[in-house]
Amino acid sequence: MSRKQNLADRMKLPWKRMPFGGIMLEAGSSVEYRTGDWRITEKPVIDQKKCVHCLLCWIFCPDVAIVRSEKQLNVDYTYCKGCGICAVECPVHAIIMVEEKK
Amino acid sequence: MTLHIVKKEYIRSETPSLSHVKDSSTRVQNGSVTMKNQEVVGFNGDEAVAYAVKQSDVNVIAAYPITPQTIIVERLSEYVADGDIDSEFVCVESEHSALSACIGASLTGARVFTATASQGLALMHEVLYATSGLRCPIVMAVVNRALSAPINIHNDRSDMMGSRDCGWVQIYAENSQEVYDWIIQAFRISEHQNIQLPIAVNLDGFVISHSMENVYVLPNKDVKKFLPPRKTRYKIDPTHPISFGGLFLQDYYYELKRQQEEALRQTSKILDQVGKEYYKISGREYGSLEVCGMEDADVAILCMGSTAGTVRSVLRKLRADGKKVGLIKLWLYRPFPIDELFSVIENLKALVVMDMALSFGAPFGALCSDVASILQIKKKDLKIFNVIYGLGGRDITPSEIEDIFNDALEIAKTGIVKDYVKFVGVRE
C-alpha cells in the first residue's frame, strides 16, 4: 500500500481504530499534505529567460515550493499555495502571477 | 457486573483519633493481611505525598511551589539533592511551564510527577487539557485552596472544580494515609495501557496538607513490586520517529475526544482492579466510593475529602441515638461513579450533597449538579438538597453537620424540601 493510500484510508477510520491519542505513526507525513489545493486564483510562473538565479524566491518561499535543479528554478505546484511572495521578492521581475484556469 | 463498594463500620473503634489506622489493624486481625512490615511515620499530607512519590521511582519532577503545596516541592527537592531518589528535578518559572515540562518528559516514556494548588492550577488550565489530550499519564497532587479574589490561602475546592472538565481522573483523599495510598495507586492506574490519562490526587489545603497524622508506609520493595517501571508502546524516540500533538480539524478531532472519553470512563474499572491488588500488599481497601451505615440509612450525606471524617464522627453519635443516617464518601469524582452510587442509594429517602465550592449562578454546586442529574435518570423520588460550606477555609463543625442530618431526617419524614441550596456556616 502506498503512503498516499494509507493516509486516505486513515481518513475514514472510526474512533475505536484511530491511532491512540492522535499519534502519527509515520515520520514526515506532512509531505502527504498537498497544500497546492489551497491556491485560489493565481499561480506563479517563472520566466526562465529573465531569471538570474539569485535564489531569493527559493529563500522566501514559505512552503519550500521552489525547486532547484542544475539549470533552472521551478515551482512545485503540488505544494505552492499561490501566496505570491516570490513574485514580489524577485528583483528582476522574472516571476509573475498568472490566472489559473480551473 | 458486581460493583465494588468499600464499607466502613460506624461502631466506634477504641482509639477515636486514629480511627483509620485502627480500622486497618482490625482487618489485620481478621487474618487476611499482615501489617508487620509497615512502618508508622508521622506525616502531614504534603509529606505523605512526597514520601509516596519518593517510593514510586519517579523519573522527572517539575513543580513550582505554592501554598499550601510548598512542602511537597521542598521535600522532593531535598530527596533529589540528597541523592535519595534518582529523579530529574526541573526548576521552572511558573505552573504553566511546570506542567508543560511534565508533558515533554512524559512523552519520552518517563514516569512524571507534579503538584500545585489554587492559582497555580488556574495558571495551568490550558496545559491540563493538553495533558489529557496527549494521553500523558502524569500524576499531580492538587492541594485544594480557594481562588482569588479576595486572596485567600485556605481550603476550598474552587480550584479543582473550576478545572473539572479537563479530562483528568480526579481523586479526593480524606487524610494523610489516603493521600499516601492514592499517590502510589495513581501511578498504576494512569499508566495502565488502556487508560494513559493524567490523575489529579486532591487533598484539602492545611486540613490535610499541614496536619500531622500517623501514616502506615509500605516497605520500598513492596512498592517497587507493585509499581514496576513505566512501559509505553509509543514514545518520543529518535530511532523510531513518530509525531505527537498534530493539528486535528473537523475530520479527526471529534474521534479523538470520543476515544479520550472512553478511556476516562474505563478508569473506574481499572481503579477497582488496582485497589484490590493494593489491598493485598497494604491491608487498606480502596475503590470509587466508601460508604458508612448505608445498609439501612434513611438519609445520607454525600461528600468528598476531609469533610467525610467529621461527618463520620457525627454519624456515629447519631447512630448511637438510633437515627438512621449514612455517609457516602466519593473518592473518585471523575469519572463519576454512577453505577456505584445508584447501588448504595436504593432505599434512601433524602440525600444531602455537600459542595466546598460555589458554581456561580448554577442551580447547585458542581457535585450536587452531577448527582441531581443522574438521579433524574433512575431515582426521581429521592429528595435531595445541596449544602455549600467551607469557602475560603471556613470550618464545618460537627454541630452544623448534625443540623444538616436533622434537616434531612425532617425532609425524609415530610417529603418537603424548602431550600434546595443551603449556605452553611455563613454569617447571616
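The values are calculated or read from the model by the stated rules, or taken from the named source; none is laboratory data. Remember, it's a predicted structure, so these values are computed and weren't measured experimentally. Methodologically, a virtual Cβ is constructed for each residue, glycine included, from the backbone with ideal geometry; neighbour enumeration extends over all protein chains shown.
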* To do: Identify, from the list A:46, A:66, A:85, the residue that is touching a Cys at 6+ places or on another chain (Cβ under 6 Å), farther than 30 Å from residue B:195 by Cα and more than 10 Å from every other protein chain (Cβ to nearest Cβ).
  => A:66
* Identify, please: which residue in region B:243-257 is small (Gly, Ala, Ser) and assigned to a loop (DSSP other than H, G, I, E, B) and is, among those, farthest from residue B:274 (Cα to Cα)? -> B:246
* Asked: Of the residues B:404, B:345, which is under 21 Å from residue B:329 (Cα atoms), crowded, with 19+ Cβ neighbours inside 10 Å, modelled with pLDDT of 95 or more and in the same structural domain as residue B:294 (by TED's automatic domain parsing)?
  -> B:404
* Given the structure, is residue B:152 away from chain A (no Cβ under 14 Å) and within 15 Å of the chain's Cα centre (by Cα)? -> no
* To do: Scan region A:1-31 for residues that are more than 23 Å from residue B:136 (Cβ to Cβ), touching a helix residue (DSSP H, G or I) at 6+ places or on another chain (Cβ under 9 Å), within 12 Å of another protein chain (Cβ to nearest Cβ) and at pLDDT 75 or above and report the count.
  => 1
* For region B:402-428, enumerate the residues that are in a helix (DSSP H, G or I) and closer than 22 Å to residue B:347 by Cβ. => B:404, B:405, B:406, B:407, B:408, B:409, B:410, B:411, B:412, B:413, B:414
* Asked: Taking region B:243-277 as the region of interest, how many residues are polar (S, T, N, Q) and touching a residue at least 40 places away in the same chain (Cβ under 8 Å)?
  -> 4
* Asked: If you go through region B:268-276 one residue at a time, do you hit one that is in contact with a strand residue (DSSP E or B) (Cβ under 7 Å, 6 or more places away or on another chain) and either at pLDDT below 95 or surrounded by fewer than 23 Cβ atoms within 10 Å (Cβ to Cβ) (or both)?
  -> yes
* Can you find a residue in region B:247-261 that is within 14 Å of chain A (Cβ to nearest Cβ), in contact with a Lys or Arg (Cβ under 8 Å, 6 or more places away or on another chain) and closer than 30 Å to residue B:56 by Cα? -> yes
* Can you tell me which residue in region B:81-131 is nearest to residue A:24 (Cα to Cα), limited to those that are polar (S, T, N, Q) and surrounded by fewer than 24 Cβ atoms within 10 Å (Cβ to Cβ)? -> B:108
* Asked: Within region B:33-152, which helices (runs of 4 or more DSSP H) (wholly inside it) include 3 or more residues that are farther than 30 Å from residue B:257 by Cβ, aliphatic (A, V, I, L, M) and in contact (Cβ under 8 Å) with a residue 24 or more places away in the chain?
  -> B:45-55, B:70-81
* Structure fact -> The lone condition residue B:199 fails out of (1) in contact (Cβ under 8 Å) with a residue 24 or more places away in the chain; (2) farther than 24 Å from residue B:106 by Cβ is (2)
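Conditions (1) within 14 Å of chain A (Cβ to nearest Cβ); (2) under 22 Å from residue B:71 (Cα atoms), marked per residue:
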site	(1), (2)
B:192	yes, no
B:199	no, yes
B:215	no, yes
B:221	no, no
B:224	no, no
B:232	yes, no
B:235	yes, no
B:242	yes, no
B:245	yes, no
* To do: Exactly one condition in (1) crowded, with 20+ Cβ neighbours inside 10 Å; (2) more than 30 Å from residue A:24 (Cα to Cα); (3) in contact with a Pro (Cβ under 8 Å, 6 or more places away or on another chain) is not met by residue B:196; state its number.
  => (2)
* **Residue ID - nearest to the chain's Cα centre (by Cα), chosen from residues in region B:288-310 that are farther than 23 Å from residue B:412 by Cα and surrounded by 22 or more Cβ atoms within 10 Å (Cβ to Cβ)** => B:305
